[in-house]
């Protein structure tokens, strides 16, 4: 019991630092009429659509993805939240659904709508972090914000409560624990939650147990509704009190794919005299490749722009990356042949093992690969799956990934678009080559740290023979992407 108490005390200390330092205002704008009072503890619930509760036209019934209309609504909702609900102030923390906690349709598609629905809002906030030097390195402020989506059950992945995401079902009581922790610290601010109506309804019902005079909605009223429970902090002489504030954004998003406010500049793909240098790796199947898939193509792409400063990281990408992610469907039109039939990425509820610094860098949910390809899946209405069977940052991750994708007959004959961590691509290809006779003798080039545009293509022919090249690219110029998010 003593050790449990010590761990809990350490958690409280770390969480208090995070809750106080990760968000907050960098300026103090005047309160906009109707916006929430920054002196209160504001728990803001954004209702993301799912197959059970959605505004008509926001969700694809066959893939459970957002539609183009639903994506447009999320982009417009971001501006509404920032201006009308938060009064231009910075979020304190953003929590979103663990996608694998809500599998939909007979195909068990993860619920990526909740995290995609709040991503643009994250890009309208700012975070101030250090770089690789840690405590003594300069601070860098970027338009970006971490999304807390991590698992709360250690059996499902590395975790710490301050980074916990929301579970779709309330049976584990982890959502209640998260709310209780926020109320325990009694820190004013804006705590934003993005989840389906079922989860939002349960969260608000949990709060009513403590604030019994709250009058809460009893039925789903559409994706334009935002619910905020605004709590006056308790003091030495007064108890906390809570009130419900309901916002109606009245959004009418178009059904076509979002049009960026300005075109993104194009970039040339690698050539004989460009960086990165072109390569073409081949390996012939043999006895050691027994069980290898056949007639499979996989396009490996890196997550969008994320590091404006060396070592700067919050698990998300920065605003320039939002431009790339939203431009990706149009950028890739006609470039991938054969075209992808399914999209994959790493589960964003996996926790990245960071280290705490005074500026707030710490462990965070690794959301950026999955959010990079979400718009492509939406625009093309493709099945979108997440890999949660192994930990991305584990020592055996490259070998696990090879076994998962290239020795699984379910992927034979498939064409896959995969968003991943770029530093893992060379070890993955090295691990794949090790399955081939004399494959280990071949060297795999590194992926340059400044390169967000290149595509590695992995092909297995009808006999399982391997070809890997980097002749393709997205064709988006990183240097010209704006440092602030597109306003839509």
_I'd like the distance between the alpha-carbon centres of the range 37-78 and the range 301-316, rounded to an integer number of Å._
25 Å
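Calculate for the chain the 222 nm mean residue ellipticity that helices alone would give, adding -39,500 (n - 2.57) per DSSP H run of length 4 or more and normalising by residue count, nearest 500 deg cm²/dmol.
Details: 9 runs with 115 residues, N = 488.
My calculation for the chain gives -7500 deg cm²/dmol from helical runs alone.
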_At a 10 Å Cβ-Cβ cut-off, how would you order 100, 112, fewest neighbours first?_
100, 112
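Please compute the contact order of the chain in relative form: average sequence separation of alpha-carbon pairs under 8 Å and at least six residues apart, divided by the residue count, as a percent.
Details: 1071 pairs, mean separation 103.3, N = 488.
Relative CO of the chain lands at 21 percent.
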*How far is helix 197-210 tilted off the main Cα axis of the chain, in degrees rounded to 10, range 0 to 90?*
30 degrees
*asked:* Angle check, please: helix 319-331 long axis (alpha carbons) against the longest principal axis of the chain (alpha carbons), in degrees 0 to 90, nearest 10.
replied: 50 degrees
*asked:* Test of understanding: what is the full-extension gain from residue 241 to residue 389, defined as 0.36 nm times their sequence separation minus their Cα-Cα distance?
replied: 49.0 nm
*What is the extension gain from residue 185 to residue 294, computed as 0.36 nm multiplied by their sequence separation minus the C-alpha to C-alpha distance, in nm to one decimal?*
33.7 nm
*What do you get for Rg/Rh of the range 280-480 when both radii come from the Cα atoms and Rh is the Kirkwood radius?*
0.96
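Per-residue counts of other Cβ atoms within 10 Å, averaged by peptide: what ranking do you get for 201-210, 267-276, 415-424, highest first? Don't jump to the answer; show the numbers that get you there.
On the way: 201-210: 16.8, 267-276: 12.5, 415-424: 20.3.
By packing density, highest mean first, the sequence is 415-424, 201-210, 267-276.
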*Name the residues of the range 227-265 whose amide N is less than 19 Å from a point 7 angstrom out from the Cα of residue 213 along the C-beta direction?*
228-246
_Bins of 10 Å, beginning at zero and ending with the bin holding the largest distance: percent of Cα pairs per bin for the range 262-344, please._
11, 31, 35, 17, 4, 0
*asked:* Given all pairs of different Cα atoms, what value in angstroms does the Kirkwood hydrodynamic radius of the chain take?
replied: 23.3 Å
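Treat the count of other C-beta atoms within 10 Å as a stand-in for reagent exposure and order 368, 89 from fewest to most. Intermediate results must be reported in sequence, preceding the final value.
Working: 368 29, 89 24.
Exposure proxy ranking, most exposed first: 89, 368.
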*Note down the nm distance, to one decimal, between modelled labels 7 Å out along Cα→Cβ at residue 412 and at residue 279.*
2.9 nm
*asked:* Give the average over all directions of the projected area of the C-alpha convex hull of the range 239-294, one decimal, in nm².
replied: 14.1 nm²
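Taking neighbour Cβ counts within 10 Å as the exposure measure, how do 58, 461, 451 sort from fewest upward? List each step's numbers first, then the result.
On the way: 58 23, 461 13, 451 16.
Starting with the residue having the fewest Cβ neighbours, the order is 461, 451, 58.
Report, for the range 280-480, the % of DSSP beta bridges that are antiparallel, rounded to 5. Mind showing how you got there, number by number?
Details: 18 of 32 bridges.
Bridges in the range 280-480 that DSSP calls antiparallel: roughly 55 percent.
Taking 0.36 nm per residue of separation and subtracting the Cα-Cα distance, what length does fully extending residue 487 through residue 396 add? If you can, show how the numbers build up before the last one.
Details: separation 91, 0.36 × 91 = 32.76 nm, distance 4.11 nm.
Length gained, residue 487 through residue 396: 28.6 nm.
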*C-alpha long axis of helix 113-123 to longest principal axis of the chain, angle in °*: 80 degrees
*By its C-alpha gyration tensor, with a ≥ b ≥ c as the square roots of the eigenvalues, how is the range 138-249 shaped: rounded for a/c under 1.5, else prolate for a/b larger than b/c, else oblate?*
rounded
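So for the chain: antiparallel DSSP bridges make up what percent, rounded to the nearest 5? Write down the numbers at each step before the final one.
Values: 41 of 70 bridges.
In the chain, approximately 60 percent of DSSP beta bridges are antiparallel ones.
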_For the range 42-88, take N as its residue count and report Rg(C-alpha) divided by 2.2 N^0.38 Å._
1.28
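Bear in mind that the values in this text are calculations on the coordinates, not laboratory data. Note that the structure is a prediction, hence the values are computed from the model and not measured. Note that we place each Cβ from the backbone using ideal geometry, even for glycine, and neighbour counts take in every protein chain shown.
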